[in-house]
Amino acid sequence: MSINKYQPHIFVLPEDDANRQIANGFILDPNLNNRAIQVLPPARGWQKVLEQFTVVHVPEMRKFSKRMIILLIDFDEQPQTRLSYIQNQIPEDLIDRVFVIGVLSEPENLRRDMRKDFEGIGEALALDCSENKNHLWEHNLLQHNRIELNRMISSVKPFLFN
């Protein structure tokens, strides 16, 4: 199924294949409105995520006012520096519709800690969201996302979960 560009929806732009697999696990949640979310192909690096966002998605987001986007990146142990850098590249008129989240280091470390495959991690994150819980989101490799997650919940949850 494809999304309706004129209804609220969200794109997920993953940095790499591991993040893509996590996003794909997330969208398997049966309570999710799968017509309101689309996982894009991996950008192959956080800087390429930013480049694709600014070149491709900024003009599209201005055209489709109900579109939101998650930039799903690895923070490489630099959460504040990387988040600030990326947020400074987001145009002011779009800042409320762009969310930057990801693993503190890299997804492979979360996979090792959780003893789940990437898709299983995504499924667990979606379950947390649909049940209004933060068990996995409070993991030390994900807790730095709290502010972005809270922003995202208020903006995205109303149309994303049934």
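The values are calculated or read from the model by the stated rules, or taken from the named source; none is laboratory data. Predicted model, so just to flag it, every value in this text is computed and none were measured. Here Cβ is always computed from backbone atoms with ideal geometry, including for glycine, and neighbour counts include all displayed protein chains. For the accessible areas, the whole protein counts, side chains as well, though only heavy atoms, and no ligand, DNA or RNA atoms are used. Shrake-Rupley method; radii C 1.70, N 1.55, O 1.52, S 1.80 Å.
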Length-normalised contact order for region 41-135 - Cα pairs under 8 Å, 6+ apart - percent: 25
Spatially proximal lysines relative to Lys63 (Cα-Cα < 20 Å; intrachain offsets below 8 disregarded): Lys5
Relative contact order %, the chain, counting alpha carbon pairs below 8 Å whose residues are six or more apart: 30
Region 35-111: GluC sites (Glu not before Pro) in DSSP coil with no more than 15 other Cβ atoms inside 10 Å: Glu77
Unit Cα scatterers, Debye sum, the chain: log10 I(q)/I(0) for q = 0.09, 0.17 Å⁻¹: -0.25, -1.00
For the chain, accessible area per residue (1.4 Å probe, heavy atoms of protein chains only), Å²: 51
Most mobile of Leu83, Leu72, Leu50 in a GNM of the chain (Cα contacts under 10 Å): Leu83
Accessible carbon and sulfur surface of region 33-93 relative to its total accessible area, %, 1.4 Å: 46
Cα gyration tensor shape of region 12-81, rounded if a/c is under 1.5, else prolate or oblate by comparing a/b with b/c: oblate
